[in-house]
Each structure stands twice: as structure tokens, then as C-alpha cells.
Amino acid sequence: GRLEREKVTDNPEKDIDVEVKSPNLVELMQLWIDWRRVVETKMLKLDLKNTREKLFKEKVRLNASQNIDIIMASVKQDKVEPRDYLVKKLPILIELVKNGKKEKAYEGADFIGEQKIFSLKKTDQNKTKDNIKELKNQIEKIKFDIEHIDDVVIKHLDELTQIKFLDDEKKFSTERKLKIGASQESISVKTKLTDYAICSITSDGKKEYD
């Protein structure tokens, strides 16, 4: 329930009138939908951020494998840091600097520095190009879902109606998976039909339970 306070005008002995109101079924459903919109949007935005980061690394890896001589030359530098050399010589990093994204360029240089040169040299460029294409498609799909969040809420609401019974105690299991960084985290809830459990996720990927 909730408290509503309003100024009293017809009774000089009372300053404020307080009324306790309980939401009806329609209001409860609307509150749930509003809450679900927030949760799904948080999860999608986190997924979008992680997918964009994967795309960036795949692009950098591809460009590094296409310019392996520049990568090897950066290691031989004795008057300048390898990361500084890469930012000034590697095409994809030069472009980032030109576009005012110097910090991102250094992030790419540091990523290359963490890779083994032999691994970069053996990169399957065709497969990497396919990965880049797939990640771009995923990003467009996530952006579409964010723009049509009500459809996402309805989809998962439909999934909740399809209960899978696991045993005679009438327990059910529902599972959502969210890719976080390089790992995949399963958010799983098991409960009796007479109980409930709610799982949400914050913008930094931490789970919250009510």
C-alpha cells in the first residue's frame, strides 16, 4: 500500500489528511510491467556494451594480423614505448586518434600488447571477418530490442507461462543467460509454485534478488 497526503481545506482543526491506499490488480500489473521494462533495459544495455567491446577487439586483432610487420617493429623500439609506436603506426589506431578517441586507441594498443605475436600472425582472417559481421548483427538486434522493449517484456512474460514441471512437488525452473565479458552467466531460479523469486541485474553486472 501507499500513503497519500493532501492539504485539508474544509477542517480548520486538521492540517493534513492521510489516506492509505492499496493498489488494485490493474495497478499491480502496471507496476510489474514498468519494473520489468527497467530490468530488461539494464540487461540489454549491458549486453550491448559487452558486444561492442568484443567487436572492437576483433577489429583490432584483424588489423594487427594484417599489419604484423608493424606489430613486430613495435617490440623492437628502444626509444619509444611499443603502445605509443602502435598508436602512430597501426591504421585502425591512427583512425581512432583522428576521430578524437585517443584513449580508445591506447586501449587497442594495450590489447595487442597482451597478445602473442605468433597468435596474431596465425589469425584466421576470414573467420575473424565472419565474427565481426556476426557481432555487428548482434548489436543491431540488441539496439532493436532496446527500442522495442515492450515486445521483449511480452516475450519473457510468455516464457513464464510455459512452466516445466520437474517432480511431483510441482517445482519449476526458468533460466536466463547473459554474456558478461568473456564468460556466460546463468541466472537460474527454482521455486515452488506457491512461492516466488525475482532476479534483476544492475548496470555493472551485479545480481540483485528480492
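Could you grab me the full set of residues in region 60-95 that are open to solvent by 80 Å² or more (accessible area, probe 1.4 Å) and under 11 Å from L120 (Cβ atoms)? Step through it out loud before you land on a result.
Of the residues in region 60-95, the ones open to solvent by 80 Å² or more (accessible area, probe 1.4 Å) are 66, 69, 75-76, 78-79, 81, 83, 88-89, 95.
Matches in region 60-95: Q66 only.
Can K98 be described as over 11 Å from A64 (Cα atoms), open to solvent by 60 Å² or more (accessible area, probe 1.4 Å) and without any contact (Cβ under 8 Å) to a residue 60 or more places away in the chain? Even if it seems obvious, please write down each step before you answer.
Values: over 11 Å from A64 (Cα atoms): yes; open to solvent by 60 Å² or more (accessible area, probe 1.4 Å): yes; without any contact (Cβ under 8 Å) to a residue 60 or more places away in the chain: yes.
Yes; evaluated as a whole, the condition is true for this residue.
When you go through (1) of a type outside the set (D, E); (2) at pLDDT below 95; (3) open to solvent by 40 Å² or more (accessible area, probe 1.4 Å); (4) in a helix (DSSP H, G or I) one by one for R36, which number turns out not to apply?
The number of the failed condition is (3).
Which of the residues belonging to region 58-70 are out of contact with any Phe, Trp or Tyr (no Cβ under 6 Å at 6 or more places or on another chain), part of a helix (DSSP H, G or I), closer than 23 Å to D130 by Cα and not small (G, A, S)? Before you say what the answer is, go through the steps one by one.
Going through region 58-70, the residues out of contact with any Phe, Trp or Tyr (no Cβ under 6 Å at 6 or more places or on another chain) turn out to be 58-59, 61-70.
Still in the list and also part of a helix (DSSP H, G or I): 58-59, 61-66, 68-70.
Checking which are closer than 23 Å to D130 by Cα leaves us with 58-59, 61-66, 68.
Hits for region 58-70 are E58, K59, R61, L62, N63, Q66, I68.
The values are calculated or read from the model by the stated rules, or taken from the named source; none is laboratory data. All of these numbers come straight from a predicted model, not from anything done at the bench. Don't worry about glycine lacking a Cβ; one is built from the backbone with ideal geometry, like all the others, and counts go over all protein chains shown. The protein model used for the area step is the full one, side chains on, heavy atoms only, and it has no ligands, DNA or RNA in it. Shrake-Rupley method; radii C 1.70, N 1.55, O 1.52, S 1.80 Å.
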